[in-house]
1. If I273 satisfies every condition in (1) open to solvent by 10 Å² or more (accessible area, probe 1.4 Å); (2) within 11 Å of F310 (Cβ to Cβ) but one, which is the exception?
2. Kindly indicate the residue of the range 338-350 that is of a type outside the set (D, E, K, R) and within 18 Å of V302 (Cα to Cα) and also surrounded by the most Cβ atoms within 10 Å (Cβ to Cβ) among those meeting that condition.
3. Which condition does E357 not pass, out of (1) within 28 Å of R482 (Cβ to Cβ); (2) of a type in the set (D, E, K, R); (3) surrounded by fewer than 22 Cβ atoms within 10 Å (Cβ to Cβ), if it passes all the others?
4. Suppose we filter A195, A140 for residues that are open to solvent by less than 10 Å² (accessible area, probe 1.4 Å), touching a Gly at 6+ places or on another chain (Cβ under 7 Å) and not β-branched (V, I, T); which single one remains?
5. Report every pair of residues separated by at least 6 positions or lying on different chains whose Cβ atoms are under 7 Å apart, first residue within the range 541-565 and on the phi > 0 side of the Ramachandran plot, second at pLDDT below 95 and not in a loop (DSSP other than H, G, I, E, B).
6. Checking the structure you have, find out if any residue of the range 319-329 is buried (at least 22 other Cβ atoms within 10 Å of the Cβ) and within 30 Å of L179 (Cα to Cα).
7. Out of everything in the range 117-137 that is open to solvent by 40 Å² or more (accessible area, probe 1.4 Å) and part of a loop (DSSP other than H, G, I, E, B), what residue ends up being farthest from L182 (Cα to Cα)?
8. Regarding G455, is this residue open to solvent by less than 40 Å² (accessible area, probe 1.4 Å) and farther than 22 Å from F378 by Cβ?
Amino acid sequence: MFHDALVSFAERRVIRMRRTKRFASLALAACMGVSLLVNVPAGTVSAAGPDENVTAPVEGMTEEAVPGATGTDAEALDENQENVYYDASDADEDGFVWHGTMIVGYVGKGGDVKIPEKCTSIFSYAFQGCSELTSIEIPASVTSIGNSAFWECDKLTKIELTEGLTSIGDDAFWFCSSLTSLNLPEGVTSIGENAFCGCSSLTDIKIPASVTDIGWGAFRGCKMTSVEIPAGVSDIKECTFSGCSNLTDVKIPTGVTSIGFEAFRGCSSLARIELPVGLTSIGNEAFRECSSLIDIEIPTGVTSIGIGTFNGCSSLKSVKLPVGITSIGKWFSGCSSLANVEIPEGVTSIADEAFRECSSLESIELPESVTSIGDSVFWECSSLKSVKLPVGITSIGKWFSVGCGKLEKIVVDSENKVYNSKDDCNAIIDTKTNTLILGCMNTKIPSGIIGIGAGAFAKCVNLTGIKVPEGVTSIGESAFSRCSGLTSVELPESVTSIGEFAFYECCRLTNMELPKRITKIDDSTFEGCSSLTNIKIPTSVTSIGNGAFYDCINLNSIEIPAGVTNIGNGAFGAFMNYVFLQTIYGTPGSYAETYAKENGYEFIDVSKKDDDSGEDTKPEVVADVTTSYRTHVQSFGWQSPVTNGVMSGTSGKAKRLE
């Protein structure tokens, strides 16, 4: 799975693999004595007979450069050229294919291989895919190992390197999954991109002090437990140690100024890391899913922190942010153990979902400099008890604290010009619109309010009752959604609109009387109110929306006014097509009667209903209801429809219903 993920991460290798596959196909055809027509440059392959030579491509060499090559290898091999070819039959007795003093290919038997002293460099792809190679000894004469030189040598367990080596190319040991340890010699200055990526058995590696550059993804997916980054390295690039799940100890030198995208993502054993003075930027998701990380102090000087930097660090308990940052991004989402965050003065904005699902966060102090808070900043911070908004706040996003069930105190600075919490109401009120935008379990809605905003009390699970004062005209979308402890609601006659999902899954709400001025029951307004047994719909209502009473499984009867002309899909539906509504009361000839007949409900003239007792004085079934059904029997399939209690299925066939 890890291998598949990384292949997509390094798409540029596709070109290289195509070259390899093309060579393999041509070589196989030559061995079988089959002539192939391929769209390649003239002279690429000679496959007329089994005794003729096969030429293999080597990146950076021209076809003409191989026979009797002379001069400096570095000059002859220009990696910017398109394809290069070598004659595999020219391999020496040990299986090495040479270009001067450079090994450009290997066709030997594998096992334990020792590179001859005359070799000065190992070219790109030279040992690529040598699945029988188990160990390699590289002499001091070798100064460079090319790109993908040992790509997927998956049985390679040991590499002996000696001083003289200065560079290791991109993907040099890509997915050498049996390699267990590596001691890079002093003198190596650069480690290429993905050089040891996917070396999933590599538990021990020493990086020499001479290294100044480590390519992105260099050790991705390795299993070492500790690493010391040399003093000459100035940046930790993208994905360098991503997925190193056994890494517990990292030493970063003071010269490092930046940590790249996903540099330590998924280092799930990393409990602590000391970030150096001089660090200025931390990339997106740099420490994401470091699930053992307990605390971290970000040094002064860091001015840029990327999105999702600490997301999913489920053990992170405390964070100290540096002076100098001006905004907090979505950095701590899913940090379920985070209980303490120090936000410095100078921060002006907090982005969407910055502290989402920080379920251990009980309180947070916002500095006076904060002016804006994004959407869902404290979503599902289920332990949050208090929020205080400073004087400078001018913008608060939607769904500010959905799921903060323990929130008991909300205070807005009395000098704030945009928001207020007048009369100690324990709520946030938009001063200009007189709309309550955030409440809690202790909220007392003050007089003068004209609207309850979208999601104002959403998932306030400890709210048990609410009285909305006269003057309020609108209840917003999801205003009381999932208030699972809510048992009573008093709405004034001034209310003219109730938004969709307003009382969604208020599972303890038993009865409801709607104001006489509303004209519509919106989509899913009471969906999931599983304890609702009685609701009084006013005569002003003309429309009942989709799923309005979906899954209200204890609502057995309902009175629908004569003015209702539309009832939406699934208005009285339920999960698994469970039928809970039995009786509709209404006016004969009304849409309610038509709806009842079409959907198989008992319809009773509302004039026959005893308003005091709720019982029918003269039950009269207007609709002649016929129940039709059929069954699906094992091996026989669907049976013909039957009605009104007639058995459907088969008898004596020992088959089951499906």
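The values are calculated or read from the model by the stated rules, or taken from the named source; none is laboratory data. Fair warning: this is a prediction, and the values are worked out from it, not measured in the lab. Because the Cβ atoms are built from the backbone with ideal geometry, glycine has one as well, and the counts that use them run over all protein chains shown. Just the protein is used for accessible areas: all its heavy atoms, side chains included, with ligands, DNA and RNA removed. Shrake-Rupley method; radii C 1.70, N 1.55, O 1.52, S 1.80 Å.
1. Result: I273 passes all but (2).
2. Looking at the filtered set, the residue picked out is I350.
3. So E357 meets the others, but not (3).
4. On the way: A140 fails: open to solvent by less than 10 Å² (accessible area, probe 1.4 Å).
Only one candidate qualifies: A195.
5. Every condition considered, the pairs that remain are D551/F575.
6. No, because not a single residue in the range 319-329 is buried (at least 22 other Cβ atoms within 10 Å of the Cβ) and within 30 Å of L179 (Cα to Cα).
7. K118
8. For G455, the condition - open to solvent by less than 40 Å² (accessible area, probe 1.4 Å) and farther than 22 Å from F378 by Cβ - is not met.
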